[in-house]
Amino acid sequence: MRKAAVLVAGGKGTRMGGPISKQYLPIGGKPILMHTLEVFYKVDPETELILVIPELDFDYWNELVETFGFKILHQVVAGGNSRFQSVKNGLNAITFQEGLVAIHDGVRPFVKPSVIESSFEEAERSGSGIAVISLKDSIRKLTDDGKSFYQERQYFRLVQTPQTFQLEKIRKAFRVTEIPQFTDDATVYEHQGWQVSLIPGNPENIKITTPEDMDYAEFLLSLKK
Ligand SMILES: Nc1ccn([C@@H]2O[C@H](COP(=O)(O)OP(=O)(O)OP(=O)(O)O)[C@@H](O)[C@H]2O)c(=O)n1
Ligand SMILES: C[C@](O)(CO)[C@H](O)COP(=O)(O)O
């Protein structure tokens, strides 16, 4: 079955701050996005790679590709005003109609190859494969009147990417008007009335979001060497 990966990196990285958007910041001396593209390429070099970035960054990205001698073939697509719009643009750019697509945050370079593989396997079997991890801490639910209540943490999961789907189904799911609940791709899929399938993610697959994540990312990278 044909496979694609849409790596979304169309955001501005406001929580990270700084003059350069976080997806281009170096870890181990190389932009975060190049690490993420490499993981997907290594899992299967035949995967069609779609990189979604802001249109204004196209020239900058081309410069980075040249500077770093980055050779992995990928298609660059313009992002939208929200993650939903960026994913939709990425899905529309895939050159085939039938197959599987992994949707992944470009700023999650530490996804394990085995997680990508099992997300594709589960999506082929059941329609979707969503990477999640269980909680290690206790959790409490807050109410508007300032109280908080115990929650049974075994019934909760933290949701990561990749979120992998049968291409025809996820394209259909994205042909809707965006609503605030669409914080990821699983919610868009289940808006159609379809149940998502969960697969175990890897805890170090962090979404690089704030400045302290950069130090942790350097540490995680040092463990891989
Ligand atoms: N319009 C957008 C917004 C976000 N993303 C991508 O979605 C992923 C997860 O979003 P987040 O970590 O929130 O990134 P930013 O939106 O860039 O960060 P912030 O919210 O701090 O501005 C990132 O890879 C981000 O680039 C995107 O492709 N298009
Ligand atoms: C898609 C996601 O990474 C799953 O955890 C998350 O929902 C993205 O949230 P953000 O607020 O756009 O970073």
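Annotations
- Filter result for A131 (in a strand (DSSP E or B) and either among the hydrophobic types (A, V, I, L, M, F, W, C) or surrounded by fewer than 10 Cβ atoms within 10 Å (Cβ to Cβ) (or both)): yes
- Listed by position, the helices (runs of 4 or more DSSP H) inside the stretch 138-225 whose residues that are within 16 Å of ligand 1 (Cβ to nearest atom), charged (D, E, K, R) and over 20 Å from the mean Cα position of the chain (by Cα) number at least 2 form an empty set.
- Those residues of the stretch 177-225 which are surrounded by fewer than 13 Cβ atoms within 10 Å (Cβ to Cβ), more than 13 Å from ligand 2 (Cβ to nearest atom), over 25 Å from H35 (Cβ atoms) and not polar (S, T, N, Q), in sequence order: I179, G193
- In this structure, S128 does not satisfy being away from ligand 2 (no atom under 15 Å from the Cβ) and either touching a residue at least 12 places away in the same chain (Cβ under 8 Å) or within 19 Å of the chain's Cα centre (by Cα) (or both).
- Given (1) under 23 Å from R2 (Cβ atoms); (2) over 18 Å from the mean Cα position of the chain (by Cα); (3) surrounded by fewer than 15 Cβ atoms within 10 Å (Cβ to Cβ), index of the condition E121 fails: (2)
- Residues (buried (at least 17 other Cβ atoms within 10 Å of the Cβ) and either closer than 13 Å to G127 by Cα or in contact with a Pro (Cβ under 7 Å, 6 or more places away or on another chain) (or both)) located in the stretch 164-176: T164, F165, Q166, L167, I170, A173
Just so you know, all these numbers are worked out from the coordinates, no wet-lab data involved. Remember, it's a predicted structure, so these values are computed and weren't measured experimentally. Please note: Cβ atoms are built from the backbone with ideal geometry, for glycine as well, and neighbour counts cover all protein chains shown.
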